[in-house]
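The values are calculated or read from the model by the stated rules, or taken from the named source; none is laboratory data. Please read these numbers as outputs of a predicted model, since none were measured by experiment. Here the Cβ positions follow ideal geometry from the backbone for every residue, glycine too, while neighbour counts run over all protein chains shown. Each accessible area value is taken on the protein alone, full model and side chains, heavy atoms only, with ligands, DNA and RNA left out. Shrake-Rupley method; radii C 1.70, N 1.55, O 1.52, S 1.80 Å.
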Amino acid sequence: MSKNEQQKKTPLVTHLVAGGAAGFMEACTCHPLDTIKVRMQLAKNAYRSASGKRLGFLGVGVRIVKNESFWALYKGLGAVIAGIVPKMAIRFSSFEAYKGALADENGHVSRTGVFFAGLAAGTTEAVLVVSPMDLIKIRLQAQRNSMADPMDIPKYRNAPHAAYTIVKEEGIRALYKGVALTALRQATNQAANFTAYQELKRIGRKVQELDELPSYQTLVIGGISGAMGPLSNAPIDTIKTRIQKSNVSTGSAWSRFTIVTTEIYKKEGFRAFYKGLTPRVLRVAPGQAVTFVVYEKVKSWLDMFKDKVQEEGSITDGVKSVIPSK
């Protein structure tokens with residue numbers, strides 16, 4: 001298949017609808033694990049039970065539900081959903097665009113090309129959507145108010161109110177606090193994610209001699225590829241989360257990075273850079289599995305619908321051509 005045919009087969013609107021649907025399902029399914037991850041990353045000291053035993057991610061989740069209600073696990077979900085459609089549209093459409101630019105004259109893209117296309121797509125989505133969305137989400141997740149108590153009024157009531165308050169108190173630049181680290185995280189995430197996914201998908205098709213893999217195999221492949229990013233960039237994500245949680249905007253981005261990094265290492269040790277890794281892997285891996293399955297399925301439905309419309313249009317044109325005009 002040539003590059004032109006590929007681009008014609010997958011227009012931007014397909015990436016928008018399929019990516020948006022995939023992102024919405026992924027956010028609703030996996031957001032509680034992201035909240036637990038953020039709380040673990042922000043904790044200066046490890047969560048412990050009444051007996052002093054260190055709590056794992058399940059224990060932290062139970063404590064959040066006990067102290068703040070079940071719905072506290074979904075704090076910041078509004079910010080995520082508000083950015084999911086443009087985020088996923090940008091991710092998939094920019095990946096295809098970069099991949100097309102790196103293809104040879106026959107439309108073939110090497111593994112290196114796929115890696116750099118993923119790297120560029122991750123950077124693009126980070127700068128345009130993810131960074132401000134992430135900061136608002138983290139500020140909402142960091143609040144420890146009980147959502148079951150109407151008298152316990154938090155500083156940030158919802159995503160739009162958080163965005164308004166942050167811009168009012170800290171300036172619009174505050175929404176892009178940690179943008180370099182966010183871009184680095186997203187770039188490495190998508191480079192590892194797309195490269196692993198495309199390669200595993202290619203191997204699966206070749207071994208089974210199939211044009212398209214069944215959904216359960218896409219689910220497994222998406223889960224494996226989704227785990228690659230968190231395993232490779234956990235320290236970046238922890239440092240980014242600490243920077244974005246703070247409402248102090250003094251100093252350069254580099255000075256904030258060095259201060260936070262040094263503080264974590266000196267006060268909490270090297271292991272602290274990997275806080276929240278388990279819930280992050282358990283959130284991102286199944287999240288990417290859901291994303292790829294829903295994306296591939298919705299994309300196939302849209303392609304079938306488009307082909308059907310084109311076929312009916314061709315039949316109509318053919319009928320008109322044989323009917324004599326009056």
Surface share of carbon and sulfur [accessible, 1.4 angstrom probe, percent] for region 212-304: 69 percent
Could you give the C-alpha radius of gyration of region 52-158 expressed as a fraction of 2.2 N^0.38 Å, taking N as the number of residues it contains? 1.53
When the accessible area of region 58-120 is computed with all protein chains present and a 1.4 Å probe, what percentage of it is carbon and sulfur? 65 percent
Sort 128-134, 109-115, 261-267, 203-209 for me by packing, meaning the mean count of neighbouring Cβ atoms within 10 Å per residue, highest on top. 128-134, 109-115, 261-267, 203-209
How much length is gained if the chain between Glu199 and Ala101 is pulled fully straight, taking 0.36 nm per residue apart and subtracting their Cα-Cα distance, in nm to one decimal? 33.4 nm
The chain: mean projected area of Cα convex hull, nm²: 23.1 nm²
Could you compute the FRET efficiency for Tyr164 and Glu209, with r as their C-beta to C-beta distance and R0 at 51 Å, rounded to 0.05? 0.35
Just report the Cα centroid separation between region 231-270 and region 119-197, whole Å. 15 Å
Over the chain, with neighbouring protein chains present, the accessible area per residue in Å² at probe 1.4 Å is 53 Å²
So what's the net charge close to Arg283: Lys and Arg +1, Asp and Glu -1, counting the other residues with Cβ under 15 Å from its Cβ? +3
Check which residues have an amide H placed less than 5 Å from Leu55's amide H, if you skip close sequence neighbours. Tyr47, Arg48, Ser49
Can you tell me what the convex hull of the Cα atoms of region 212-304 projects to on average, as an area in nm²? 8.2 nm²
Quick one: if you stick a label point 7 Å off each Cα along the C-beta vector at Ser232 and His108, how many nm between them? 2.3 nm
Label points 7 Å out from Cα along the Cβ direction at Arg63 and Trp301: separation in nm? 4.1 nm
Calculated [θ] (222 nm, deg cm²/dmol) that DSSP helices of n ≥ 4 give over the chain, each run adding -39,500 (n - 2.57): -25500 deg cm²/dmol
For region 102-204, treating each Cα as an identical point scatterer without solvent, what Debye log10 I(q)/I(0) comes out at q = 0.10, 0.11, 0.15 1/Å? -0.44, -0.51, -0.72
Around Ser252: net Lys/Arg minus Asp/Glu count, Cβ-Cβ under 13 Å: +3
Within the set of other residues whose C-beta is less than 11 Å from the C-beta of Ala22, count the net charge using Lys and Arg as +1 and Asp and Glu as -1. +2
Using DSSP H assignments, which helices in the chain have an axial alpha-carbon span of 24 Å or above and a mean Kyte-Doolittle hydropathy of -0.5 or higher? 12-42, 77-101, 179-208, 215-245, 277-322
Rounded to the nearest 10 Å², the accessible area of Glu96 using a 1.4 Å probe with every protein chain kept is 50 Å²
Once label points are set 7 Å from the Cα along Cα→Cβ at both Lys308 and Arg144, what is their separation, rounded to one decimal in nm? 5.4 nm
